[in-house]
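See structure below.
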Protein chains: 2
Amino acid sequence: MPQQDSDGQISAVRSFNRFYTRKLGVLDQQLLKTPFSLSEARVLYELANGENLAAKEIGIELGLDPGYLSRIVQNFDENGLITRKPLPSDRRQYQLSLTAKGRQAFAKLDRSSHDDVAAMLATLPRGDSERLIGAMAVIERLLGAPSVSPRPAILRGLRPGDMGWVVQSHGSLYASEYGFDSSFEGLVAEIAAKFLSSYDASRERCWIADVDGAQVGSIFLVRHTDDVAKLRLLLVDPAGRGQGLGRRLVAECVAFGRQCGYRKITLWTQSILVAARRIYQDAGFVQVATEPHRSFGQSLIGETWEREL
Amino acid sequence: MPQQDSDGQISAVRSFNRFYTRKLGVLDQQLLKTPFSLSEARVLYELANGENLAAKEIGIELGLDPGYLSRIVQNFDENGLITRKPLPSDRRQYQLSLTAKGRQAFAKLDRSSHDDVAAMLATLPRGDSERLIGAMAVIERLLGAPSVSPRPAILRGLRPGDMGWVVQSHGSLYASEYGFDSSFEGLVAEIAAKFLSSYDASRERCWIADVDGAQVGSIFLVRHTDDVAKLRLLLVDPAGRGQGLGRRLVAECVAFGRQCGYRKITLWTQSILVAARRIYQDAGFVQVATEPHRSFGQSLIGETWEREL
DNA sequence: CGAGATACTTGCCAAAGTCAAATAATTATT
DNA sequence: AATAATTATTTGACTTTGGCAAGTATCTCG
């Protein structure tokens, strides 16, 4: 089943690649009317959008053969499109930058490409262009170079779809990592439903950790008694792990709980959730009770943790 | 402002094009290790996936220069990869088909491309490959010729995470398309929770429409009274629209309802959900009651539909 | 039938791109 | 500090790719 799935996915991706190869080919055909080859145009683009690049950087960025690139650069130089300033710190390299003439040549190219895309978008029914852009953004984010410094997550309040995401990610994550069955997802859905239908905004809240609009983590603080708050549904998606997001979420909860005048925060977790337990411990929670139980299709040891505020 | 908007969209598309040009370039580099050029590989692909093509058809499909294509075909012929059978109805054309050797060469190419994509997908975190496929499907549908056959969806039972997906997609879709507020997502979560916690597998069921592991649609049939079943939570994601999925889901429900011995199916919907109403109508449901109400932050007209079994 | 269109072929050629070796500067190692 | 290894770029020699235009044979339509 997983094999079949991934084979289907692979052929879906390959089909898209063939499809988009064709699309790009059509868009690139207008280059035949310009004095530039596709590679030259790409180099020109890099020069126009980066300050003082060296040939090396362009080569890495575009994956071009150094020899070929060298000739393209020379050619640009001979035609007065760029200037080459020796780099003081490394005299093997040059700083390449466009001349006025070069910028003009780029502008012309840029405009024609702009118009081509505009024409393509214009054929789409109203609303479809937004969907298109959205889908492209998803692909770019998913396949883009794993940015050296991960994009910062922000903690925000609920938006439509968030609660469903909380249910879904709890359901699928706990199923794949700990073998929990669907009853767990049902429990989360119940908590989610109860929260949405009747939460007291002044004393209860949830936070979603968000990276570029994608949810990567969640936490809830709800009323248990007038004096005691309960922390629930802490989760950090694999995509957001390793940047202390869990800690940030818990800290946010604790701060909010204190601000609301609760005297204590309590939470229920399982002994197998080692990463979460560490976070609670580091945030000043202590384990006050432990009790084996059978739930979600597994034999578990439930733990109650508390922290005075 | 529309101008500004569309300029932003245009540059988003162009940025994606540059990005994907690069991606494809990387994937195509493995072709350097094969005896085929990109164009040759594309021709080979067409030959392997079409029966008895003529050169003309391939040329149109791939946008290749006829002269160049002719030489590629000749070259394939000389190397024993294809046979050329004169077409009786038009002696200018040949029917091209792969020989065993040709199929073998293609299989090798195909496998290497398959493995490349598999490797790429393998680097994605859990769940991201489904998102990727979904986004690609959207682009292909929006930009593709109307005849692009969508990948077939299968209807299956619940898996972990599915119920959360149902909540999420209802929440975000109805928010963006009709302005519903969070209380709607809460209602869906409640229905979902109730279903998971206590559904009678012999008389209640839910189906998920699945394309390559990504959810694109849902429907539920639950007990209302002993004789009457209730249809709920019909949804088709934009990525799965336009292939009659809604109809298939409803038909599945009706068949199951009949098989369970219900005498009637009832459902509640809103007048603004035009697409859904058409589906119900075509499936033999009739509207039996209508009632204005204020819910989910909107003024709506609720409708009750029924169908005898 | 004849005029055009169509499917392909052929010759010619320039551009695009690869590969390996050379050069000059930098960095690492002993 | 001298030597070795690495890096950024250049150059020469080459192949491949693919565009263009002028053919040839066949088909289609009036």
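Any read-out appearing in this document is the output of simple, stated calculations on the displayed coordinates, not a laboratory observation. Bear in mind the structure is a predicted one, so any value in this text is a computation, not a measurement. Glycine gets a Cβ as well: all are built from the backbone with ideal geometry, and neighbour counts include every protein chain shown.
How many percent of DSSP beta bridges within chain B run antiparallel, rounded to 5?
Here the share of antiparallel DSSP bridges comes out near 90 percent.
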Quick one: which residues, 5+ away or cross-chain, put their amide H under 5 Å from the amide H of B:GLN95? H built at 1.01 Å from N. B:LYS85, B:LEU87
Averaged over residues of B:23-29, the number of beta carbons from other chains lying within 10 Å of each residue's Cβ is 3
Quick one: P(r) of segment A:51-151 from all Cα-Cα pairs, 5 Å bins, percents rounded to integers, in order of increasing distance. 2, 10, 13, 15, 15, 14, 15, 10, 4, 2, 1
Paramagnetic reach from A:LEU87 in segment A:34-50 [backbone N under 20 Å; point 7 Å along Cα→Cβ]: A:43-50
Any chance you could list P(r) for segment A:103-223, counting all Cα-Cα pairs in 10 angstrom bins from zero, rounded to whole %? 10, 26, 27, 20, 10, 6, 1
State the dimensionless ratio Rg/Rh of the protein assembly as shown (Rg: radius of gyration of Cα atoms; Rh: Kirkwood radius). 1.02
Just to be sure I understand the curve: with the Debye formula and one point per C-alpha of segment A:1-88, what is log10 I(q)/I(0) at q = 0.11, 0.13, 0.24 Å⁻¹? -0.47, -0.59, -1.20
Would you mind calculating the relative contact order of chain B from Cα pairs under 8 angstrom and at least 6 residues apart, reporting the percent as a whole number? 10 percent
Convex hull per residue volume in Å³, alpha carbons only, for chain B: 208 Å³
Calculated label separations, A:GLU61, copies of the chain, 7 Å along the beta-carbon direction, nm: 3.7
If you take the Cα Rg of segment A:155-241 and divide it by 2.2 N^0.38 Å, with N the number of residues, what do you get? 1.08
Scan chain B and hand back the longest stretch that contains none of the trypsin sites (Lys or Arg not before Pro) lying in DSSP loops with at most 16 other Cβ atoms within 10 Å. B:1-125
Among the listed pairs A:LYS33/B:LYS33; A:LYS194/B:LYS264; B:LYS23/B:LYS56; A:LYS56/A:LYS101; A:LYS23/B:LYS108, give every one whose C-alpha distance is greater than 28 Å. A:LYS33/B:LYS33; A:LYS194/B:LYS264; B:LYS23/B:LYS56
Sorting from shortest, the nanometre distances separating the label point of B:GLY179 (7 Å past Cα along the line to Cβ) from those of the same residue in the other copies are 5.1
With R₀ set to 35 angstrom, the calculated FRET efficiency between the beta-carbons of B:ASP227 and B:GLU177, to the nearest 0.05, is 0.55
Hey, what's the Kirkwood Rh for segment A:70-114 if you take every pair of different alpha carbons, in angstrom? 11.4 Å
Does a label point 7 Å from the Cα of A:VAL286, set along Cα-to-beta-carbon, have any residues of segment A:262-279 with amide nitrogen under 20 Å, and which are they? A:262-271, A:277-279
Kindly provide the GluC sites (Glu not before Pro) of segment B:1-58 that DSSP labels as loop, not H, G, I, E or B, and whose Cβ sees at most 11 other Cβ atoms within 10 Å. B:GLU51
Shielding by partners, peptide B:120-127 (average Cβ within 10 angstrom, other chains): 5
Quick one: helix A:245-259 against the long Cα principal axis of chain A, what's the angle to the nearest 10°, folded into 0 to 90? 50 degrees
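Segment A:197-249: percent of C-alpha pairs farther apart than 13 Å?
Summing the P(r) of segment A:197-249 above 13 Å gives 60 percent of all pairs.
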Other protein chain Cβ atoms within 10 Å, averaged over every residue that makes up A:191-202: 4
Could you give P(r) for segment B:179-309, binned at 5 Å from zero, as whole percent values over all Cα-Cα pairs? 2, 10, 19, 22, 23, 17, 6, 1
Spelling it out for B:ARG223: with amide H atoms placed in the peptide plane at 1.01 Å from N, the residues 5 or more places away or on another chain with amide H under 5 Å from its amide H are B:LYS230
